[in-house]
1. Say R0 is 25 Å: what FRET efficiency, to the nearest 0.05, do ARG45 and LYS118 get from their beta-carbon distance?
2. Would you list ARG172, ARG66, ARG156 from fewest to most Cβ contacts within 10 Å?
3. Relative contact order for the chain: what percent, with Cα pairs under 8 Å and sequence separation of 6 or more?
4. Gain in length, ALA211 to ARG133, computed as 0.36 nm per residue apart minus the alpha-carbon separation, to one decimal in nm?
5. Over the Cα atoms of the chain, what radius of gyration and what Dmax do you get, in Å?
6. Note the full-extension length gain between GLU17 and ARG33 as 0.36 nm times their separation in residues minus their Cα-Cα distance, in nm to one decimal.
7. Straight-line reach from LYS108: which lysines fall under 20 Å, measuring Cα to Cα and dropping same-chain residues less than 8 apart?
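Nothing in this text is a laboratory measurement; each read-out follows from the coordinates by a stated rule. Every value quoted in this text rests on a predicted model; they were computed, and no experiment measured them. As a convention, Cβ positions derive from the backbone with ideal geometry for all residues, glycine included, and neighbour counts pool all protein chains shown.
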Amino acid sequence: MDSPDTHRSQDFSSILEGRRTVRNFDRSAHIPRSELLGMLDEAVRAPSSVNMQPWRFLIIESEDARRRLLPLMRLNKRQTRDASDIIVIFGDLECYRQADTIYGQAAKRGILPGLMAKAQLAAIVPAYRAFTREKMTRVVHIDASLMAMQLMLVAREHGYDTNPIGGFEEDRIAETFGIDPNRYAPVIIIAIGKATKPGHDSYRLPARDLAWWDDAHGREPGEGGADDEADGIKRA
Ligand SMILES: Cc1cc2nc3c(=O)[nH]c(=O)nc-3n(C[C@H](O)[C@H](O)[C@H](O)COP(=O)(O)O)c2cc1C
C-alpha cells in the first residue's frame, strides 16, 4: 500500500484536474484516524461567513454504522460499504455558540486585537441569533460546501479519492445517529478511500458560455458581451 504521503506535494493543477467522482473503493483500505483528522484540519482552512466555521462531521467507519446508514442512501450503496470512511457533513444552525471560542482564541493568539474581537462578537452574535432557520440553513450550506470541496482536493493530495453524495434521506440522518436534527442540518456526504477504478471524465460547459459581462444588457449568459476578436477568442 502507498504510504499516506506518497502523493503529497503534487502541483495544484494535477490535483484539480485529477479529481473525479470515484464510485469504486478498496474495501480493505483503512485511513488512520489521525490522518483523517489531519485532512479535515486542512479542509477547514476554507473560508466561512464571519469565520463561524459551522461545519460538523459525522465519521462513519464501523460495519454497524454503515448498516444503519445504508437504508438512508438512495443510491451509492456500494460506496457506503466499501469506502474507507463516509463523512456526513452537517451544518450547525447554532454555530454562534462557538463564537466566543473562535474570537477569543483569535484575540489570545494576537491574530485580532482584543477590543476588535469584542466589537465583532457584539455585532455578529446577535445578528446570527436573529436569522430565521431558513436563512441560517442557507449560510451553513454555503460554508460547509466550500469546506467539502476543499476536503475533496485535500484527499487527492493524500492519495485518496472521493464521492460527493447528495442523494440520501436528509430528514432521517441526524436522528438515526443520535444527532439533534433541530440544531444540525445535513449538507452533503463525502465517501473517501482508495480507488479501485478511476472515475469517469466528465464534460464542463466553458465559462465563456456561462458568463454575463457587465455590458450584456438582458442577454443570456454567453451571448456576446466579450469582444471576441479583440481578445483573439474564436467561437466553436
Ligand atoms: C452536491 C452534489 C451531489 C452529488 N450527489 C451524488 C450522488 O448522490 N451520487 C453520486 O454517485 N454522485 C453524486 N455527485 C457527484 C456528481 O455526479 C459528479 O460530481 C459530477 O457528475 C461530475 O463528475 P466529477 O465529480 O467526476 O467531476 C454529487 C455531486 C455534488 C456536487
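1. FRET efficiency, ARG45 to LYS118: 0.50.
2. With the sparsest Cβ surroundings first, the list reads ARG172, ARG66, ARG156.
3. So the answer I get is 32 percent.
4. Stretched out fully, the ALA211 to ARG133 stretch lengthens by 24.9 nm.
5. Over the chain's Cα set, Rg and Dmax evaluate to 20.9, 62 Å.
6. That works out to 3.1 nm of additional length.
7. Cα-Cα hits under 20 Å: LYS118.
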